[in-house]
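Student: Could you have a look at this structure, given as C-alpha cells, before my questions?
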C-alpha cells in the first residue's frame with residue numbers, strides 16, 4: 001500500500017492482484033464489501049477500461065472523449081475484476097488520470113492500481129501535506145510518494161451503465177453531453 005499524488009489529490013494505492021491490499025484499502029476508506037460505492041482502479045489505456053468494464057457504443061464514445069482526465073467512470077464489472085473490488089451491484093470505478101506519477105505507477109506495476117482518495121467523504125477538504133500522511137498512516141502504508149502540497153479537487157464521477165449517463169458527483173471535470 002502506498003500514498004501517491006494524482007490529478008485530484010493524494011490517494012491510497014495497491015496492486016489490483018493484492019487481496020490484502022484491497023481489504024486494507026476498504027478498511028482505510030471505511031467501505032465494506034457490500035457498500036453501494038464501488039472501488040476504483042487506475043488504468044493507462046481506453047482498451048483497459050473495456051477489459052474491466054462493460055462498454056456500450058455511446059459509453060465508449062463518452063469515455064474516449066473525456067479520458068485521460070479528472071473523471072471516474074462507474075461501469076458494470078467484467079469477470080476480470082476481483083469480486084472483492086465490486087460493489088453490491090457488481091460495478092467498478094475506472095480512471096485514466098492525466099498525471100505522470102499515476103501513469104508511471106500503473107506502468108511499473110504492469111497491472112491496474114487500485115485507488116482511493118486519502119480524504120474520507122465526511123472529511124473537510126484541506127491542503128494535503130505528504131509529511132502529514134507519513135505520520136498518520138505509518139502503520140498502514142509502505143511508502144508515500146511526495147508530490148508536494150496539494151489541494152484535493154475530487155474527480156467527476158459518472159455512472160455509465162446500459163448506455164445511460166448518471167452524474168454521481170460533480171467534480172473537476174465538466175459534465176459531458
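Student: Just one of the numbered conditions (1) over 15 Å from the mean Cα position of the chain (by Cα); (2) at pLDDT 90 or above; (3) surrounded by fewer than 17 Cβ atoms within 10 Å (Cβ to Cβ) is not true of residue 127; which one?
Tutor: (2)
Student: I would also like to ask the following. Is there any pair with a first residue in the stretch 127-149 that is in contact (Cβ under 8 Å) with a residue 40 or more places away in the chain and on the phi > 0 side of the Ramachandran plot and a second that is outside any loop (DSSP other than H, G, I, E, B) and surrounded by 15 or more Cβ atoms within 10 Å (Cβ to Cβ) whose Cβ atoms are under 8 Å apart and which are 6 or more apart or on different chains, and what are they?
Tutor: Partner pairs satisfying both residue conditions: 148/5; 148/130.
Student: While we're looking at this one, here's another question. Quick one: residue 30 ticks every box in (1) modelled with pLDDT of 95 or more; (2) exposed (fewer than 13 other Cβ atoms within 10 Å of the Cβ) bar one, so which box is it?
Tutor: Only one criterion is unmet by residue 30, namely (1).
Student: Going through the stretch 150-177 one residue at a time, which ones are free of Cβ contacts under 8 Å to residues at least 40 places away in the same chain and either in a loop (DSSP other than H, G, I, E, B) or surrounded by 13 or more Cβ atoms within 10 Å (Cβ to Cβ) (or both)?
Tutor: Those that are free of Cβ contacts under 8 Å to residues at least 40 places away in the same chain and either in a loop (DSSP other than H, G, I, E, B) or surrounded by 13 or more Cβ atoms within 10 Å (Cβ to Cβ) (or both): 170, 174, 175, 177.
Student: Residues in the stretch 108-123: is at least one without any contact (Cβ under 8 Å) to a residue 40 or more places away in the chain and more than 30 Å from residue 65 (Cα to Cα)? If you could, list the steps in order and put the result at the bottom.
Tutor: Within the stretch 108-123, the first condition is being without any contact (Cβ under 8 Å) to a residue 40 or more places away in the chain, and the residues that meet it are 108, 110, 121-123.
Still in the list and also more than 30 Å from residue 65 (Cα to Cα): 122-123.
Yes, that holds for at least one residue.
Yes or no, residue by residue, for (1) within 17 Å of residue 12 (Cβ to Cβ); (2) in contact with a strand residue (DSSP E or B) (Cβ under 6 Å, 6 or more places away or on another chain):
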| site | (1), (2) |
| --- | --- |
| 49 | no, yes |
| 62 | no, no |
| 80 | no, no |
| 87 | no, no |
| 96 | no, no |
| 106 | yes, yes |
| 132 | yes, no |
| 138 | yes, no |
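Student: For the stretch 30-47, give me each residue that is within 19 Å of residue 7 (Cβ to Cβ) and in contact with a strand residue (DSSP E or B) (Cβ under 9 Å, 6 or more places away or on another chain).
Tutor: 39, 40, 41, 42, 43
Student: On to the next question. Kindly establish whether residue 88 is in contact (Cβ under 8 Å) with a residue 12 or more places away in the chain, surrounded by fewer than 15 Cβ atoms within 10 Å (Cβ to Cβ) and under 27 Å from residue 150 (Cβ atoms).
Tutor: The answer is no for residue 88.
The values are calculated or read from the model by the stated rules, or taken from the named source; none is laboratory data. Model, not experiment: these values are computed from the prediction. Quick reminder, even Gly has a Cβ in these numbers, built from the backbone with ideal geometry, and neighbours come from all protein chains shown.
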